[in-house]
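The structure appears below as structure tokens.
The values are calculated or read from the model by the stated rules, or taken from the named source; none is laboratory data. Please read these numbers as outputs of a predicted model, since none were measured by experiment. So basically every Cβ, Gly included, is an ideal-geometry build from the backbone, and we count neighbours across all protein chains shown.
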Amino acid sequence: AWCFVANKSFRPLPVRTFATLEKLIDAGMIYFTPNAFFSRKAKTTDALRWLNALYIDIDDPAATVSDVLDRCAELNLPPPSLIVKTQHGLHCYWKIKRVRATERALKLYSRLLRALTKAFDADLRAATAERFLRIPRVILHFDRAEYELKDFFSLLEDETLSAQSGGRVVARGILDHPAVKKLLGGVSEHSRNHACFTLARAFRYCGYSYAETLQELLRWNRRNDRGSDPHRDSEVRATVKSAYNEKQIRPPAASWIRELSGMPFSYRIFEKRGGGKPGRPRKIEETREKFIATIQAAGGTLTTCDSRKKLAAQLGVSERTLNSVVAALIAEGSLTVSTTRLGRGKGTETTYTIASQLEAACSESCKAIGRGGGSESGMRQVLEDAIECCFKFSDVTGRNHGKDLAFSVKLLLRYRKKYVL
Amino acid sequence: SPQEKALEALRFLLDGSLTE
């Protein structure tokens, strides 16, 4: 495997042996990567081969070894294997029994790294697996202890409980939030890369194309602090590309926006869907509404010669969805369906009636034909007659079907009983 | 020397990833 070292220019130099490492340290290198990579060509997360250690960068010049050890005891974590004094604070390393950097392991490792960083209130920008850290110069604590990732799982338990404060926005409106606007106004030298990726995700999530986002962020890069080492446009291009190469379109991490802007920020995603078959319950609900609206538009009773398939096509849904909606409506008693054969070669006619409509129509028609003035007793009369008709129909045809009741009611509302009979 | 100590710590961290 390969590691990388660098001097203050951060240009990565690959290292494969301890002898080279020693030589390069002598030559004045300042940084190294604690984790190892597949090739000498790429110092990127997806090129990682071995995960060797968890580490944090505490940015507090007043922090001491005993502070770190106390915090470890509080959090029920093992003490670090190595604590190094830096100009601005401390670097702490927990050596882990090396883990192959598979996608899964890397995901877990990254979560742990972030959780560890948060638990020590350390610098979140340092919490990436391919990070450069300072070659230890002033070692304050060194213990050859080796741990496993599972020794740190306790950190993940309360991860979900971490408080999110204020400033809620709907994810779609992310770009209008003051915290994001602050980032769009330009950032300092040390957060450019993270800010660029975070903003690229925000743009992508809000529906910007790759080209549009790139234009926005190149313009944004001109607003950034130039610093001693200006952020190159090619780096912006690479970062935007990596955000657009992600398989899923994800909103930016709220924690990053908080960290980079220093402002409270969180959002809710309203489009979130339940597990299992994504989108299915929603589709059913929509279909149900559409279907009921169609029947109501036809006056509460829809009589059609169209097949279920054709009806589904008219509603713009699949036949399967419509079938399950109809079945559910029948089961809950909100809908009655009756089918009439029209005669040789003329196909069938189907009538869908909404139950509440049936009652209302009943009372209305009762009024019209002067039976009880639309009162409850009038409705009951119609139903009783309908039942009588059904029995008669069943006598003649031998058919006994619940759906015929609705059909009889419909006829009785239009014609006198004796004609129906 | 600090240099040797640094190398010793790095050897420990990078053990198995780099070769002799």
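Applying the condition of being more than 10 Å from every other protein chain (Cβ to nearest Cβ) and of a type in the set (Ser, Thr, Tyr) to segment A:8-60 and asking which residue is nearest to residue A:238 (Cα to Cα) yields A:44.
Can residue A:138 be described as of a type in the set (Val, Ile, Thr), surrounded by fewer than 20 Cβ atoms within 10 Å (Cβ to Cβ) and modelled with pLDDT under 90? Considered against the rule, which asks whether it is of a type in the set (Val, Ile, Thr), surrounded by fewer than 20 Cβ atoms within 10 Å (Cβ to Cβ) and modelled with pLDDT under 90, residue A:138 comes out as no. Identify all residues within segment A:310-326 that are surrounded by 12 or more Cβ atoms within 10 Å (Cβ to Cβ) and either more than 21 Å from residue A:347 (Cα to Cα) or in contact with a Leu (Cβ under 9 Å, 6 or more places away or on another chain) (or both); write none if there are none. A:311, A:312, A:315, A:317, A:318, A:319, A:321, A:322, A:324, A:325, A:326, listed by residue number. Residue A:333 falls short on exactly one of the conditions (1) in a helix (DSSP H, G or I); (2) at positive phi; (3) not acidic (Asp, Glu), and that condition is (1). With a requirement of 2 or more residues that are within 33 Å of the chain's Cα centre (by Cα), the strands (runs of 3 or more DSSP E) lying completely within segment A:1-104 that satisfy it span A:48-58, A:90-100. Looking across A:110, A:81, one residue alone is within 14 Å of chain B (Cβ to nearest Cβ), among the hydroxyl-bearing types (Ser, Thr, Tyr), in contact (Cβ under 8 Å) with a residue 12 or more places away in the chain and within 26 Å of residue B:17 (Cα to Cα). It is A:81.
If we keep just the residues of segment A:236-270 that are hydroxyl-bearing (Ser, Thr, Tyr) and touching a strand residue (DSSP E or B) at 6+ places or on another chain (Cβ under 7 Å), which is surrounded by the most Cβ atoms within 10 Å (Cβ to Cβ)? Write out each step before concluding.
Here is the first cut: in segment A:236-270, the ones hydroxyl-bearing (Ser, Thr, Tyr) are A:239, A:242, A:244, A:255, A:261, A:266-267.
Filter again for touching a strand residue (DSSP E or B) at 6+ places or on another chain (Cβ under 7 Å), leaving A:266-267.
Working: A:266: 17, A:267: 20.
Applying the filter and picking the extreme gives A:267.
Mind checking which residues of segment A:223-235 are surrounded by fewer than 13 Cβ atoms within 10 Å (Cβ to Cβ) and on the phi < 0 side of the Ramachandran plot? Residues satisfying the conditions are A:223, A:226, A:228, A:229, A:232, A:234.
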